[in-house]
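Rule-based calculations on the coordinates, nothing more; no lab input. These numbers come from a predicted model, not from an experiment. Please note: Cβ atoms are built from the backbone with ideal geometry, for glycine as well, and neighbour counts cover all protein chains shown.
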Amino acid sequence: MTITEEPAAPAREVGAARTRKEDARLITGRTTWTDNVTLPGMLHLAILRSPFAHARITSIDVGPALSEPGVIAAFTGRDVADVQGALPCAWVVTEDTVHPDHGALAVDTVRHVGEPVAVVAARSRAEALDALAAIEVDYEPLPVVLDMEAALAEGADLVHPDKGTNKSYTWVFDSGEAGTGESTGPAFEGAEVVLKRRYVQQRLIPAFMEPRSVVVDPTGDQYTIWSATQIPHILKLMMSLITGTPEHKMRVVAPDVGGGFGGKLQVTPEEMIAFLAAKRLGKPVKYTESRSDSLLSAHHGRDVIQDIEIAATREGKLLGLKVSLIANMGAYLGLVTPGVPILGAFMYNAIYKVPAYRFECVGVFTNTMYTDAYRGAGRPEATYAIERIMDELAVELNLDPIEVRRRNWIQHDEFPFTTVCGLEYDSGNYEAATAKALEMLGYDELRREQERRRQENDPVQIGIGTSTYTEMCGLAPSRVLGSLRYGAGGWESASVRMLPTGKVEVVTGSSAHGQGHETAWSQIVADSLGVPFDDVEVLHGDTRTSHKGMDTYGSRSLAVGGIALFNACNKVVDKAKPIAAHMLECDPADLEFSGGQFKVRGTPGEGKSIQEIALAVFAAHDLPDGIEPTLDADATYDPVNFSFPHGTHLCAVEVDTQTGRVSIRKYVAVDDIGRVVNPLIVEGQVHGGIAQGVAQALYEEAIYDADGNLVTGTFVDYTLPSAADLPDFDTDRTETPAPGHPLGTKGVGEAGTIASTPAVVNAVVDALRPFGVNDVPMPCTPERVWRAIQEGGAK
Amino acid sequence: MKLEQNFTVPVPVEQAWEVLLDLHRVAPCMPGATLTSVEGDEFTGNVKVKLGPIMLTYNGKGRFVERDEAARRVVIEASGRDTRSAGTAAATVTAQLVGEGDQTRVDVLTDLSITGKPAQFGRSMISDVSTKLLGQFADCLAGRLAEGGPPAGGAVVGGATAGADTAGAADSGAAAESGAGTAGAAVPAMSAPAAPTATVEAPAEAEAVDLFKVVGSTAAARRAAVVGLGAALLAVLAWVVVRVFRR
Amino acid sequence: MIPASFDYSRPSSVDEAVAALAAAGEDAKVLAGGQSLLPLLRLRLAAPSVVVDLGGIAELRGVREDGDDLVIGSMTTHATVLGDPLVAQHAPLLAQATATVADRQVRHLGTFGGSLAHADPASDLPAVALAVDAVFEIAGPGGRRSVPAAEFFVDYLTSALAADEVLTAVRVPKRSGWTSHYEKFNRTAQAWAVVGVAAMVRRSNGSIAEARVALTNMGPRPVRASAVESALAGAGAEQGAVAAAAAHALEGAEPSSDLNASAEYRGHLAKVLTERAVLAALG
């Protein structure tokens, strides 16, 4: 592709704090959500779910449901056993990964509470729900496996007895073996300082605002699936592969989608059940889950036990890093379940120079809802463990926590830097971000206050927590994905069409579900083509319109999709150039393009606007010979590297030692995400990301009881914080552009979550050090903090 | 979860064993339960449990797994499903009589499992409430056993009598005072012997047991506790009823 | 989820409401603001065959004075109680506690009487009703009766109301010369109290002449902390004496363990929060 050589026009739109085009309809709800889709003759589905965590279905009879009012049909797993196929896992991380079949409807055995066992189709949603009570199911309970370490032990009860084990896989990375660094054995041997810690990433629930919903229309020649999904393109491919429906007869539409956070990155049993019902009945069907269904049976996040060990010199220089994970897969493997902890494998070394690194992860089956991607997907876990243990190292060596990081981080002038994992970090300036954050926090003054309160045995203690992070986003270079056995590529696609009246239609393969792509893409196009921001229409989410894409997750849309768009715009300008030259009767080489105008360099007077050219192309009355009458252009971009935003977050907490309550006094975030397209969108992502990270640190945990019931089954017990629980965030940025492409952008969608959890927990632990506390398990509820204080002295 | 109840009655074990088979003394100790059929070692029935506005009706069945007259030991399995699919409850109840001279110790071990909506709340006090309810049953049972004497005969309709105690919140006076497991509310209704009738075949609709008026439990989220307890009650009721039919 | 079907009745008078309840037997449920009932209906943990909506009965709304008492209609919303000048003047503890109930949306629909009749020991108003010695006015088929707060809360989710009775109003004695505070400890801003303390004190020179203290979520019913009250009577209005009195907070309470807190932690919190509530009430 050609890159414009003329001096670029000063950016008017990129960098501007444009309020978002999509917000009016999203905030008021006046748009089409999947549940709003209503089709003639449409039936409503209700799904009967297993109340048992592990049981054999000894008998199941939907007959009584069929005589309930409004019921048209009902069926069970046995009725569709030979057509339902298996739900996909697109990331089988090793060759010998144990990958059990996972049918949408359970046939003989249920393996987690909430697993679908039967479905009813009725004329209304209420009638379908009422009819569920009539279905008779007999279960024979089987032993329930919940504890990961017990599941791996000899003689443990099995989630999948036919597989003979609860272990799904073991995945190892060793820098010595990979040749990207040294071996950890010698590095640890004889090290002056060795620290070992265990941390637990508790299970979380993504809890997106819009519950999942799916409509399937089998009418006519095609199947159309509307779904509240983050991945319409991937869903279309998967559904056609699994159901045997030819891909060109399948259309997937993600209408406006109300949040996902990775929780809608899935090929769900509900989508498959709706498809099977529609196909069987020959009528459109809809399934919309309730909130309690959603908490129970939309995939969960995190749930990993981390053992982390570092070797260092007395001066605090890291010599080696060893990480060992036990990751809870749940009862089955979801779309990318096994890969999530491994995505974090490359982030434990974080921003530091680590000579030797070894990572091992064991995936384990239990009788729980399966886990999968959730904001950060492996990287928050990694950042948490390393940032926590760096604080431990600081305490061990009596160094300031910032100083111990400073002694290890990659210096600004050392970029690009190839890490011990073999990743090449593109750019960064940890010094600048940290200095800014320290100043914004008032670090020195807070340390003095902390000291004073300690001296006075103040019942309210102060703690300061540090989190210096980088993250790998912009998923991802396709070759890297291939080497990790990920089932798909990481490119993204965009089409730009100039309409005869000069308006611009953009088709993107990204699938926004709250990120504001319509606005950011409009800004990029506005600057690239010199057209007004409001003249740009961004189309997405419908595979009939956006025929090609890899959807949205992994903080990739701007970093990959935005570049594809930028490239497509440049192709449009390139196509317009010879036509402009023809209209201006000059040589194309003499033209410069700026502010939407082609002008002959060095001469005054009128040029030709790109809109005029678009109209001329439409009429095609007078185009140069051999030129296609079109300005439309496509581009597909495969990134050559991940993008590595970074930042420093500092959190100051007050801990009421009498009650254990933690409140955040001040939260500072200085993030470097390269070039900023829209600061309002960035702020939104940072705020939301921090909120979810703080939620993990202080509030949320999905808990199963000994029988495998999810006891945090409503928002009463799954304590999601709201704005009322969170402080104002003090945010700022440094801007170190991403090299390698002119847009210079990195990703930001997950950075807030990745950074914030350790910042908060480090602060809590820092406050409690005088009590002999070196850890508080997450979430740091008031009771846990209080108990840590009571027990701390006993350590 | 496992719940244990132990109580001692001042009668020798042979007498305790016999009295235990006397349904019309024992069945009224189980409020809210209705037996609908008995066939050999198997039975069906339902238990209604009410907790403020929450009302759950469990239809269930159960069977004798083991009865050992020599060892004075009985094991029953029972399970029930809520009629509105709010979930299931299952219990395995093991009751053991141990003779201690003039006294008999009764050990009841219940293994209880609750699923469905009632289980999806942050309760962990199911054991507290179940313990209290089983305690109340046990106290009542202890009272029966201590009374001793020949069987009084008569209709065994567990629900109806207890219903009188639990109907309406206006009776709260007595129940409100009941702290941990006083059987006081149940006893007065029993002191007048019921007129003999032919069989136990006619189950009267049990008033839903309003468990918290009866036992005064303490947990904040006891919804699920109630559910599990119903199954446990059903199991114990079944045990006793089947004993009678096997005579 | 969607509730199971029910018949809906919207009487326009208290007598009609009582008749509707009596006709339906045990299987009817009163609907006030719906903030406690509707979630139970949606989860199908409750499925009454008849729902009797009191929303059309005007006489049940409003705050008025009647001699030495404030009379608060049972269907008065939390939002109304919060803003009412009579409440602010004569029983400010009610407003202090109501301000902590859930969130703005709930407060505009939820009712004073509905919350009390639901008798959830974790909600804020029952403890307040106990502390102020409110009297509950009830209408039933047999006529009208009054029940003092100490007898109204029978057990968890169980009040003294019979199935065919309607709470019409709550009488709160007007008090002057008292200061008060409601201390609520919860995990998130809209959550129920892990533990809450309602405290009222009357000073006399430098000491506490009299105190009224009640606890939220420390048992199956709200708890009147009588031992604390006795210890505070005559005590100095300063931190040491108050802390010593607050140490009695557990007496008469039976805290439970659940997802939010263990019984042990609740017991500890009760003491700390009682001290803080009384000190805050003292100003």
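Tabulated data for the structure shown
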item	result
Cross-link partners of A:Lys236 among lysines (Cα-Cα below 23 Å; sequence separation of 8 or more within a chain)	A:Lys249, A:Lys264, A:Lys279, A:Lys283, A:Lys286, A:Lys548
Extended-chain gain in nm, criterion 0.36 nm per residue less alpha-carbon gap, A:Arg479 and A:Leu539	18.8 nm
Stretchable slack from A:Val200 to A:Ser722, in nm (0.36 nm times residue separation minus alpha-carbon distance)	185.5 nm
Cα-based Rg and Dmax for the range A:477-532, where Dmax is the largest Cα-Cα distance (Å)	15.1, 47
C:Ala244-A:Ser290 pseudo-label distance in nm [points 7 Å out on the Cα-to-Cβ vector]	5.5 nm
Electrostatic dipole magnitude of chain A [Cβ: Lys, Arg +1; Asp, Glu -1; Cα centre; debye, to 20]	400 debye
Cα convex hull volume per residue for the protein assembly as shown (Å³)	208 Å³
Beta bridges by DSSP in the range C:29-144, antiparallel share as percent, to the nearest 5	70 percent
Distance cut-off 18 Å, percentage of C-alpha pairs in the range A:204-262 lying past it	36 percent
Stretchable slack from A:Asp590 to A:Ala435, in nm (0.36 nm times residue separation minus alpha-carbon distance)	51.1 nm
Solvent-free Debye scattering, log10 I(q)/I(0), computed from the Cα coordinates of the range A:71-223 at q = 0.10, 0.12 Å⁻¹	-0.65, -0.85
Rg(Cα) / (2.2 N^0.38 Å) computed for the range C:216-283, rounded to two decimals	1.10
Average partner coverage of A:779-786, which counts Cβ from other chains inside 10 Å	4
Debye, to nearest 20: dipole size of chain C, +1 on Lys, Arg Cβ, -1 on Asp, Glu Cβ	660 debye
All lysines inside 26 Å of A:Lys666 as judged from Cα atoms, apart from same-chain residues fewer than 8 positions distant	A:Lys436, C:Lys184
Distance (nanometres) between label positions extended 7 Å along Cα→Cβ at C:Ala189 and A:Glu451	3.6 nm
Value at 222 nm in deg cm²/dmol, rounded to 500, when DSSP H runs of n ≥ 4 in chain C each add -39,500 (n - 2.57)	-9000 deg cm²/dmol
Mean separation of Cα contacts under 8 Å, 6 or more apart, over the residue count of chain A: relative contact order %	15 percent
Most fluctuating residue given options C:Val50, C:Val166, C:Val197, as computed from a GNM of chain C linking Cα atoms under 10 Å	C:Val50
For the protein assembly as shown, with +1 on Lys and Arg beta carbons and -1 on Asp and Glu, the positive-most of A:Ile60, C:Phe185, A:Ala435 along the dipole	C:Phe185
Sites B:Arg105 and A:Leu281 - FRET efficiency at Förster radius 41 Å, r taken between beta-carbons, to 0.05	0.10
Average beta-carbon neighbours from other chains, 10 Å sphere, peptide B:47-54	5
Förster radius 35 Å - calculated FRET efficiency between A:Arg30 and A:Asp730, Cβ distance, rounded to 0.05	0.55
Assigned charges on the beta-carbon of Lys, Arg, Asp, Glu; the range B:31-87 dipole about Cα centre (debye)	340 debye
The range A:286-435: equivalent-ellipsoid semi-axes (sqrt of 5 x gyration tensor eigenvalues, Cα, Å)	34, 16, 14
Relative contact order, percent, the range C:173-283 [alpha-carbon distance under 8 Å, six or more residues apart]	28 percent
Cα-Cα pairs of chain A separated by more than 38 Å (percent)	43 percent
Anchor A:Lys503: aspartates and glutamates whose Cα lies under 20 Å away (excluding residues fewer than 8 positions away in-chain)	A:Glu13, A:Glu22, A:Glu518, A:Asp527, A:Asp534, A:Asp535, A:Glu537, A:Asp574, A:Glu612, A:Glu628, A:Asp632, A:Asp634
Volume per residue that the Cα convex hull of the range C:139-221 spans, once the total is divided by residue count, Å³	139 Å³
By average C-beta atoms within 10 angstrom, highest first, the peptides A:462-474, C:269-281, A:157-169	A:462-474, C:269-281, A:157-169
Virtual spin-label span in nm between A:Asn398 and B:Thr8, 7 Å along Cα→Cβ	6.3 nm
